[in-house]
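Values in this text are rule-based calculations from the coordinates and carry no lab data. Owing to the predicted nature of the structure, the values given are computational and were not obtained by experimental measurement. Here Cβ is always computed from backbone atoms with ideal geometry, including for glycine, and neighbour counts include all displayed protein chains.
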Amino acid sequence: MTDAPLRVGLAGLGTVGAGTLRLLRENAELIAARAGRKIVPVAVSARERMRNRGVSLDGLSWHDDAVALARDPGVDVVVEVIGGADGIARATVEAALAARKPVVTANKAMLALHGAELAAAAEDAGTPLAFEAAVAGGIPAIKALREGLAANRILRVAGILNGTCNYILTTMRDTGRAFAEVLAEAQAHGYAEADPAFDIDGIDAAHKLAILVALAFGRPVDFASVHVEGIRHVSALDIAFARELDFVIRLVGIAERHDGGISARVHPVMVPAASPLAHVDGVFNAVMVEGDHVGRVMLEGRGAGAGPTASAVVADLIDIARGRHTPPFGMAAHHLSAEPSVPIARRVGAAYLRLMVVDRPGVIADVSAMLRDHVVSLESMIQRGRAPGATVPVVLTTHPCEEAALAAALTRIAKLDSVVEPPTMIRIETL
C-alpha cells in the first residue's frame, strides 16, 4: 500500500454527495485495503454552506465555486454529484478534465447529452471519466457491460431503469388504485419529485438507456435517437386487464441490434408474469443483457438512494486509486462506430389494445376490418356482457406486426364514431 492518499474533492453535497462522504469515512479501512491506498475526502463544494446534511464537514476545504474545487491543486480526483446536464456540473467536469484530473460522476443527464464530447476530452487528457453511479444506482451495470462482458457481441440490453415509475406501477397493480392517487403517495414518501415529469415521462430512464446503448454497442452516446414514452396513460383498468392476460406492466428501456442498425426505446410494456422483469417490484431496478457467447445476464438491486449510489461512486474511486483505467465507453473513440438508428416504426412485435366504444352492432366488425386492411392479425379479444348504448372497454391483443402498420390502423380506428376516446396501445415484449 502506497503512503500517498488519493485526495477527493466532492462537488455537490445532496443525498449522493453526503452519502459518499459518509461511506468514505465509515468504511475507510476496508476501502484503503481494497484500493491499495487511503481515499480521503479533502474538499467540498455546495450552494448552502450552513445547511445541516447529517454529516460533519470538519477538516474539509470549502469551495463556493465547484469549478474552483476542480482546479484546486490539493484535489487529485473530482466527484461530481451536482446533477443537471449543463451549467455548473458540466463546467466542473470540463475544468477537472482540462486539469488532467480523474472524474467520477453520477450525472446521467450530462452523460446522455454530452457524453461523447466529455469522453473525448478525457481520452485527450489521458485521465479516467468514470460513471458507474449514473445508471441503476448500486447495480454494477456499467462494469458488467464495459468489462465483465467485454468479449461478447451484445445483442440486446433491457431494463427497469427508473424506480419512481416502477414503484407507481407496482402499487397500482397491488392496490387497484388510479395513477394520480399513487403518484401523490409516491411524492409524499419521497419516491417522486414535486415535479415528477422527468421520471414519469420516461426521460430519466431514456438518459440511462442512452448510456447503456453506447457501452453495449460501441457507438457514441446519442440521446436523440432514443424513442421515449412515459406512464401517464397507463390506467388501473389496463393493469387489471394485464393481470387477466397474465402480464405485468413495467416501464422498460430496450435496445437491440438489428441488421440495419440499433434500436433504442423507453416505453411501458407488458411482460409475461413469468418474466424476471415482472418480479422486480417497488423502487428496485434491473438490467438484462444478452451476449452472443454469455447468453442472458440479469442484475437487480436498488437503483437510487444515498447508500447504493455512493457505493457505485466509491467503487469508481477504488479503480482510480488502483490505477485501473478503461476508456469511458469501453473502447477508444476511434473504434466507436456510428451505426444507424432504427426507428420505432420498424419494430415488429405484439401489442395490447384497449378501445372504449359505444356498445352497438357492427363496432367489432369495423375495428377488425381496419386492422385487417393494415395486415394486423388479432390473437385474442375480451368483450364482456351487453350494455347497448353504453361505453364499454374492448381489449384486443395482436400477433407480431410492424409498428407503422399498427399505428396507421389505430389512427383510422380513433376516427370511428363508436370509439369515444383515443385507443390505448401498450407493446408486449417477451423479455
Original post:
So how compact is the stretch 347-428: Cα radius of gyration and Dmax in angstrom?
Top reply: 11.9, 37
Original post:
Mind checking which of A214, A136, A194 has the largest fluctuation in a GNM of the chain, springs on alpha carbons under 10 Å?
Top reply: A194
Original post:
Any idea what Rg and Dmax come out to for the stretch 284-337 if you just take the C-alpha atoms, in Å?
Top reply: 14.6, 36
Subject >> the stretch 175-231 and the stretch 92-171: distance between their alpha carbon centers, rounded to Å >> reply: 16 Å
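For the stretch 212-342, what class follows from the C-alpha gyration tensor (a ≥ b ≥ c being the square roots of its eigenvalues): rounded when a/c is under 1.5, otherwise prolate if a/b is larger than b/c, else oblate? Mind showing how you got there, number by number?
Details: a/c = 2.17, a/b = 1.41, b/c = 1.53.
Oblate.
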Original post:
In a shell of Cβ-Cβ distance under 14 Å around A345, excluding A345 itself, what net charge do Lys and Arg (+1) and Asp and Glu (-1) give?
Top reply: +1
**OP:** Over the Cα atoms of the stretch 79-125, compute the convex hull volume and normalise it per residue, giving Å³.
**Re:** 56 Å³
**OP:** Under a cut-off of 24 Å between alpha-carbon atoms, report the lysines in cross-link reach of K101, not counting same-chain residues fewer than 8 places apart.
**Re:** K38, K143
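Using Cα-Cα distances under 8 Å and only pairs 6 or more residues apart, what relative contact order does the stretch 302-407 have, in percent?
Working: 104 pairs, mean separation 33.8, N = 106.
Across the stretch 302-407, relative contact order equals 32 percent.
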Original post:
What net charge do the residues around V297 carry, taking every other residue with its C-beta under 15 Å from that of V297, with Lys and Arg at +1 and Asp and Glu at -1?
Top reply: +1
Subject >> Mean separation of Cα contacts under 8 Å, 6 or more apart, over the residue count of the chain: relative contact order % >> reply: 17 percent
Original post:
Computed over the Cα atoms of the stretch 77-205, what is the convex hull's projected area averaged over all directions, in nm²?
Top reply: 9.7 nm²
Original post:
Along its principal axes, what span do the Cα atoms of the stretch 287-425 show, with the longest given first and each in whole Å?
Top reply: 73, 36, 26
Subject >> Most mobile listed residue (A32, A333, A369) in the chain, GNM with C-alpha springs under 10 Å >> reply: A369
Original post:
How big is Rg to Rh over the stretch 6-134, alpha-carbon atoms, Rh as the Kirkwood inverse-mean-distance radius?
Top reply: 0.94
Subject >> Equivalent ellipsoid semi-axes, the stretch 150-302, via Cα gyration tensor eigenvalues times 5, rooted, Å >> reply: 27, 17, 13
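Let me check I've understood the local charge: for D281, count other residues with C-beta under 11 angstrom from its C-beta, Lys and Arg +1, Asp and Glu -1. What total comes out? Can you show the working numbers first?
Numbers: positive: R173, R250; negative: D174, E300.
With Lys, Arg at +1 and Asp, Glu at -1, the neighbours total 0.
Could you tell me the calculated FRET efficiency between M331 and R34, based on Cβ-Cβ distance and R0 = 45 angstrom, to the nearest 0.05?
Numbers: r = 26 Å, r/R0 = 0.59.
Calculated value: 0.95.
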Original post:
So what is the calculated 222 nm ellipticity per residue for the chain, using -39500 (n - 2.57) for each DSSP H run with n of 4 or more, over all residues, to the nearest 500 deg cm²/dmol?
Top reply: -10500 deg cm²/dmol
Original post:
Kirkwood hydrodynamic radius (Cα pairs, Å) of the chain?
Top reply: 23.1 Å
